[in-house]
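Chemist: Below you'll find the structure I mean.
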Amino acid sequence: MYTKNLLKTGEAHARTGDLYETPPGALDAVLERLPPAAPLWEPFPGEARRSTQHMRARGRDVVNKAEGASDDFWEQPPLPERVMLTNPPFSQKVRLFRWLQEHPAQRAVLLIPVEALQTAYLDALLTARGVRPALLYFTRRLKFLEPDTGEPLRRPFPYGVGWLEIPPAGGEPLLPALSPATA
Ligand SMILES: C[S@@+](CC[C@H](N)C(=O)[O-])C[C@H]1O[C@@H](n2cnc3c(N)ncnc32)[C@H](O)[C@@H]1O
């Protein structure tokens, strides 16, 4: 109900972007480019866990948290042996970039608005880790899924988004440095 009202009233863009779910084609685009055996961590699964189910249907080893950990990401320990692969709540991305700075061994592949590329907080994170990022960008605006029904929204998302990989400190990206994708 809360979700429906939020989507209907069209509150701030940052809040609506918090709830939209990832279209399967956008997940496939990144999965196809990551090593098939890489274990994954989807820490912002959403109630229906559609992205987790989709990744598992593609044969991936995915968890949502460490065994016994809280459902709240902010109370969870890092899982550096896995690749964090998630579409996080957009309004929490600055906090997530700070979290990644505090956990330098955690590799992350995040679906984020491309505007985040030009921010001081991303620059600080990459500099602190001594790494270069990789970006898989979409050549068309994505139609995210409505969280209650799983149906694609009628309108494409108003911002360009891409999968941004942040390698662990001193490491190299798994994804090609820059590549276009369709979803
Ligand atoms: C943008 S949606 C994406 C959902 C899913 N990752 C996907 O790709 O379809 C972000 C999700 O994070 C959830 N979320 C927000 N804050 C969270 C937190 N602190 N811990 C875990 N999940 C959270 C929201 O309920 C929402 O379902």
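Values in this text are rule-based calculations from the coordinates and carry no lab data. Note that the structure is predicted; figures quoted are calculated from it, not measured. Ideal geometry is used to build each Cβ from the backbone, glycine not excepted, and the neighbour counts take in all protein chains shown.
Chemist: Rounded, prolate or oblate, given the Cα gyration tensor of the chain, with a/c below 1.5 counting as rounded?
Modeler: rounded
Chemist: Net charge around L136, counting only other residues with Cβ within less than 12 Å of its Cβ (Lys, Arg = +1; Asp, Glu = -1)?
Modeler: -2
Chemist: With an 8 Å Cα cut-off and a minimum separation of 6 or more residues, compute the relative contact order for segment 76-183 in percent.
Modeler: Relative contact order comes out at 31 percent.
Chemist: How high is the relative contact order of the chain, given as a whole-number percent (alpha carbon pairs under 8 Å, six or more residues apart)?
Modeler: Reported as a whole number, the value is 25 percent.
Chemist: How would segment 32-86 be classified by its alpha-carbon gyration tensor: rounded, prolate or oblate, with rounded meaning a/c under 1.5 and the a/b versus b/c comparison settling the rest?
Modeler: The shape class here is oblate.
Chemist: I've got another one for you. About the Cα centre of segment 2-181, what is the dipole size in debye to 20, counting +1 per Lys and Arg Cβ and -1 per Asp and Glu Cβ, all else neutral?
Modeler: Charge dipole, segment 2-181, about its Cα centre: 480 debye, nearest 20.
Chemist: Using DSSP, restrict attention to beta bridges with both residues in the chain and report what percent are antiparallel, rounded to the nearest 5.
Modeler: 50 percent
Chemist: Moving on to the next point. If Lys and Arg each add +1 and Asp and Glu each add -1, what is the summed charge of the other residues whose beta carbon sits under 15 Å from the beta carbon of P156?
Modeler: +2
Chemist: Taking just the C-alpha trace of segment 81-172, give me its Rg and Dmax in Å.
Modeler: Considering segment 81-172 through its Cα atoms, Rg and Dmax are 14.0, 42 Å.
Chemist: Put +1 on the Cβ of each Lys and Arg and -1 on the Cβ of each Asp and Glu in segment 45-183; which of A183, G171, A66 then has its Cα farthest toward the positive end of the dipole?
Modeler: A183
Chemist: Under 13 Å from the Cβ of L125, count the other residues' Cβ atoms, weight Lys and Arg +1, Asp and Glu -1, and hand me the total.
Modeler: Charge balance in the 13 Å sphere: +3.
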